[in-house]
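Trainee: I'd like to ask some things about the structure below.
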Amino acid sequence: MLDFKNSSVFKLKPIDVEDIREDFHKFLIDGESVFAGFKSMRDQVVFTSKRIISANVQGIMGSKVDYTSLPYSKIQAFSVESSGTLDLDCEIELYLSELGKVKFEISGSFDLIQFNKHISEHILG
């Protein structure tokens, strides 16, 4: 599902950082930490202090996984949109050089204000 080249919207649910895939920790560099995690059916996305990493589980057995890393240095602009009365999903839009717009729809309970502070610190800092 998280094919950044062939899709423009990713529907995700927030998960606790403790519940992210164990293999994400193998990709982190010194000083890098995860501050938010999300999942779809089998795929996951984490936001770290340096980048966004997605795990796209492929195949029937799920033994093949495509990992994509999107460094914050490539983000040119971003927006967040809170949920409303009838539209219960909040949205995160990132505009990346070379890739264009990547949109995440987040369903469920999610602290968008705190997330916006975190991502602002890492993109603007």
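Trainee: Could you work out the relative contact order of the chain, using alpha carbon pairs under 8 angstrom and six or more residues apart, expressed as a whole percent?
Mentor: Worked out over the chain, it gives 23 percent.
Trainee: Comparing PHE38, PHE27, PHE104, which has the greatest mean-square fluctuation in the GNM of the chain with Cα pairs linked when under 10 Å apart?
Mentor: Checking each option, the largest mean-square fluctuation is seen for PHE27.
Trainee: Leaving ligands, DNA and RNA out of it, rank VAL57, VAL17 by accessible area with a 1.4 Å probe, largest first.
Mentor: Largest accessible area first, the list is VAL17, VAL57.
Trainee: Which length gain, in nm to one decimal place, applies between GLU91 and PHE35 when the Cα-Cα distance is subtracted from 0.36 nm times their residue separation?
Mentor: Computed gain between GLU91 and PHE35 is 18.4 nm.
Trainee: To the nearest 20 Debye, how big is the dipole of the chain about its Cα centre, given +1 on the beta carbon of each Lys and Arg and -1 on that of each Asp and Glu?
Mentor: That gives the chain a dipole magnitude of about 340 debye.
Trainee: Please report the accessible area of PHE115 (heavy atoms, 1.4 Å probe, ligands and nucleic acids excluded) in Å², nearest 10.
Mentor: 10 Å²
Trainee: Applying the Karplus parametrisation 6.51 cos²θ - 1.76 cosθ + 1.60 with θ = phi - 60° to the phi angles of the range 51-63, what ³J(HN,Hα) value in whole Hz is obtained for each residue in order, glycine and proline being reported as x?
Mentor: 6, 10, 10, 10, 10, 9, 6, 10, x, 5, 7, x, 7
Trainee: Compute the semi-axes of the equivalent ellipsoid of the chain, taking the square root of 5 times each eigenvalue of the Cα gyration tensor, and list them largest first in whole Å.
Mentor: Equivalent ellipsoid of the chain: 20, 18, 15 Å, largest first.
Trainee: While we're looking at this one, here's another question. Report the extension gain between ILE60 and ILE123 in nm, rounded to one decimal, defined as 0.36 nm multiplied by the number of residues separating them, less their alpha carbon distance.
Mentor: Working it through step by step, the gained length comes to 19.1 nm.
Trainee: Here's something else I'd like to know. How much mean residue ellipticity at 222 nm does the chain get from its helices, if each DSSP H run of length 4 or more adds -39500 (n - 2.57) and you divide by all residues, to the nearest 500 deg cm²/dmol?
Mentor: Result for the chain, helices only: -3500 deg cm²/dmol.
Trainee: Would you tell me the accessible area of LYS11, worked out with a 1.4 angstrom probe on the heavy atoms of the protein chains, in Å² to the nearest 10?
Mentor: Only protein atoms counted, so the area is about 120 Å².
The values are calculated or read from the model by the stated rules, or taken from the named source; none is laboratory data. As the structure is a computational prediction, the values presented were derived from the model and not from experiment. Heads up, the Cβs are rebuilt from the backbone with ideal geometry, glycines too, and the neighbour counts pull from every protein chain shown. What goes into the accessible areas is simple: the full protein's heavy atoms, side chains included, and nothing from ligands, DNA or RNA. Shrake-Rupley method; radii C 1.70, N 1.55, O 1.52, S 1.80 Å.
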